[in-house]
Structure formats: C-alpha cells, structure tokens
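The values are calculated or read from the model by the stated rules, or taken from the named source; none is laboratory data. Quantities reported herein were computed from a predicted structural model and do not represent experimental measurements. Counting neighbours? That spans all protein chains shown, and the Cβs are built from the backbone with ideal geometry, glycine included.
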Protein chains: 2
Amino acid sequence: MATKRTQMMEMTRAKLIRTAREAFATKGYAAASMDDITAEAGLTRGALYHNFGGKKGLLQAVVDQIDAEMVARLMAAQQRAASPWEGLLEEGVAYIEMALEPEVQRIMLLDGPAVLGDPSQWPNQNACLLRTTQTIQALIDEGTVKPVDAEAAARLINGAALNAALWIAAADEPRAVLPKAVEAFRQLAAGLLQAER
Amino acid sequence: MATKRTQMMEMTRAKLIRTAREAFATKGYAAASMDDITAEAGLTRGALYHNFGGKKGLLQAVVDQIDAEMVARLMAAQQRAASPWEGLLEEGVAYIEMALEPEVQRIMLLDGPAVLGDPSQWPNQNACLLRTTQTIQALIDEGTVKPVDAEAAARLINGAALNAALWIAAADEPRAVLPKAVEAFRQLAAGLLQAER
DNA sequence: CTGAGTGACATACGTGTTGTATGTCAATAC
DNA sequence: GTATTGACATACAACACGTATGTCACTCAG
C-alpha cells in the first residue's frame, strides 16, 4: 500500500524529472542549472539532492525514462513487421526516426554519453541493444543471416542507424534526406543476409 | 617572414594545446580546469583567453589537431589497400582502431560532440567524411557498388565503424572483440556491393 | 492520545570555476 | 628615442555545485 508520503515523493520525483528533461533538452546538461530546474518545479535543490543524489543522478533518471520510451517504440515497430528480417529493418528505421527528435538527440546522444559514460554501460541501453542482438541471433539460427557475431552485428546496425539520424537532424532539409538514409540503411543491412542459393 | 613575436605566440599556442589535450583526454572537458591547464603550461588564463577566446575555443583547437592526424591516418590506410573497395574497408578498420585510443574516444567521440555540437558541423570532420563519400562515389561510378546515395552510405559506414569502436573500447577484452567487429563490419559493408552477375 | 523519531525538503555556507576588466612590459614603428 | 601596439598577467565579480544544518509533517510505540 502506498502511503501519503511515498505518493508525494513520487510526485516530486516526476515533477523534477519532467522539468529537468525540458531544461536538458533545450539548454543542454551543462548549461541547465539545478536552481532553475528546481525553481521551475516549485522546489529547491534540497529536494533534488535528496531524491537523486546530485545533478548526474537526475540526468540518469531522465535518461532512463526516455530510454524506456524508446525501447517500447522499438518493440512496437518490430512487431508491426511482416517477417523477422523486416522487423530488424523496421527497428532500424524507427531508431533513425527517434533520433530525429531534438530531445533524444541532445540528451541521449550528446550529453548522456559525455556525462554518464558510454551508453553500453547503462542498464537500459543494454536492454535496447539486447533486443536487436536477440533478433539478429534468431535470424542467424533460422539461416536468414550469415553466421556473424550477433552482438557485433547489432552494434554496427545500431551505429549506422544512429549516425544516419545525426546526419538527417543536422541536414538543411531533414525530410529530404530521410528516404536516402533509409534506402542506404536497407542496402547496408542486406550485407548481413545469407546469399540466396 | 616570421617575426619574433609570432614565433613566441605559436609556441604558447602549441604548449597550451598540448597540455589541454592531455588534460581533456585524462580528466574530461568539464573536469579539466583552465587554471590547471595553463599552470601546467607555465602560463595563466590570460594567455588562454587571448589565444583561443575561451575554454570552448581551446577544445576546438585540440579537436582540429586530432582530427587532422586522423585524416592523415585514414588516407594512409586507404592508399595502402590493393583495390578501391579494399581501400574503403581498410579505412573503416583504421577508423575502428583509432577510436580505440582513449584520447580519441574521450575528446572526439564524447566531449567534442557534447560541447561543440554535432561533428558534421565541424570543418574538418567534413573533410574526413568527404573522403569516404568520394571513395564510395568512385566505387559507384565504376559499378562496384550499388547506386545508392554516396553521402548517406558514407555516413552509415562511418557510424557503424564508430559504434563498433565504442563497443570494443568498453568491452572487457578489447582485443578479443576487435576481430569480431572487423568481420561483422566487412559483412555489413558488403551489402553495398553490386550483386555479382 | 501523545511524544519521540524519522524522513522529505528548505536554507545557509564554502569552494571552485568561468568570464571580463584592467594592468604591465617588451617589441615594433616612426 | 618615444609612442603605440600586442601578448600575457593579475584582479575582480558572478555563478554553480555540493554539503552541512535546520524545520516541519507524518508515523508509530506506549
């Protein structure tokens, strides 16, 4: 049973995460001051330190939240696909599209790694990557994909999608280059396919 | 002809870049204080602001220096290869190997993008990427590679190599996963190859 | 019902860091 | 030989983070 106090605490945590997410996305982690964030949430730094241990802890919480949303969207994209192989491709495309959002870009792709270290160390990023790895392993087992190291392939696929997204986001006409990136991504990914006999 | 003053100035610039490069690589950009860097170089912050305009300017200078070194190494790797296609692969492998160095990782892959913005905006990173793009375009023209968008393909290739490098660097046994990553990279890149007739 | 205890959060303070404004001295120009 | 410029040092102000301490509401024995 949730007591009155823990309910309140959850609310303050949620409020801080929300305002921090906003501030980190727009101003960047370094330029976002804790005083501003807490004031915006109607609190002080005391609450922040009590709940998250510090500025990095708050960023970690924001990252975890966004990451959870991303995993959910990746799963949805994969399950929408007709075949496992198409599922992998759809997952890559979904990843590209998510990385177009300024919030994802700034927090997950720029500041997050710089402040918290390599994403492969984050508990949830592993979940996201693990999904791709498992998908690829399944494709290898069923003979669709060449017998390469599944984790290595997953890493490369994700990296390609990631960079494609960064490219698109920085482009003058994002909507114009998106299809080019998606097409090149599909071609590249086809390199993993078993040569048809 | 170089006057006495400009010679001195070049020396102080070089010294500051050297110590900053060291400090940024080991402690990270945020944790490296300008006082420490300048003191290590036997100077004060005055010199730093005069020559580089601020902390970001100093990082930019360090990034430019490292980037120039990387481009040189990429060119060397490509020219060592037997064929243009092998040149592209060698370039990717060289990129992976460079990203294994802590200095490159910390400064070029983590702090650089976070502080200076997306690498595609940097003047030199474009040179590095431009090389790959041109290589791919040449391969398309000669019929080795499928007719995809050359820049998109270059972006994806570089992104894959980049993430492979980050993965390797964060791994428990970097030397053990390196061959796996290289193998997967070659397979993936093969997706760009024109299907043999 | 009541008083001690605990937890959530606010307030106050010290330290370190950045950026700017001003000062100084050597090198060049006239 | 003096005036001026430019490279760098010093001094100062603003700010942000982290910690130490304080306060008040809620919980729970007795």
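In table form, for the structure just shown:
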| quantity | calculated |
| --- | --- |
| Per-region count, the stretch B:35-87, residues among the polar types (S, T, N, Q) and over 24 Å from B:Pro119 (Cα atoms) | 4 |
| Lone qualifier among B:Ala47, B:Ala32, B:Ala39 - being surrounded by 19 or more Cβ atoms within 10 Å (Cβ to Cβ), under 24 Å from B:Leu16 (Cβ atoms) and outside the structural domain of B:Gly159 (by TED's automatic domain parsing) | B:Ala32 |
| Candidate set from the stretch B:122-164 (those that are at pLDDT 90 or above and basic (Lys, Arg)); member that is farthest from B:Gln60 (Cα to Cα) | B:Lys146 |
| Test result for A:Ala169, in a helix (DSSP H, G or I) and crowded, with 16+ Cβ neighbours inside 10 Å | yes |
| Candidates A:Arg106, A:Arg155, filtered to the one that is surrounded by fewer than 22 Cβ atoms within 10 Å (Cβ to Cβ), outside the structural domain of A:Ala31 (by TED's automatic domain parsing) and basic (Lys, Arg) | A:Arg106 |
| Helices (runs of 4 or more DSSP H) wholly inside the stretch A:1-99 that include at least 3 residues being among the hydrophobic types (A, V, I, L, M, F, W, C) and either away from chain B (no Cβ under 14 Å) or within 16 Å of DNA strand D (Cβ to nearest atom) (or both) | A:4-27, A:34-40, A:45-52, A:55-80 |
| First in the stretch A:140-156 and under 15 Å from A:Gly87 (Cβ atoms) and more than 7 Å from chain B (Cβ to nearest Cβ), second anywhere and in a loop (DSSP other than H, G, I, E, B) and of a type in the set (Lys, Arg), Cβ under 8 Å, 6 or more apart | A:Ile140/A:Lys146 |
| Residue match in the stretch A:36-47 (condition: at pLDDT 95 or above, more than 12 Å from DNA strand C (Cβ to nearest atom) and of a type outside the set (Asp, Glu)) | no |
| Only one of B:Ala81, B:Ala76, B:Ala160, B:Ala176 that is in contact (Cβ under 8 Å) with a residue 60 or more places away in the chain and of a type outside the set (S, T, N, Q) | B:Ala160 |
| Single condition A:Ala164 does not satisfy, out of (1) farther than 24 Å from B:Ala152 by Cβ; (2) in contact with a helix residue (DSSP H, G or I) (Cβ under 9 Å, 6 or more places away or on another chain) | (1) |
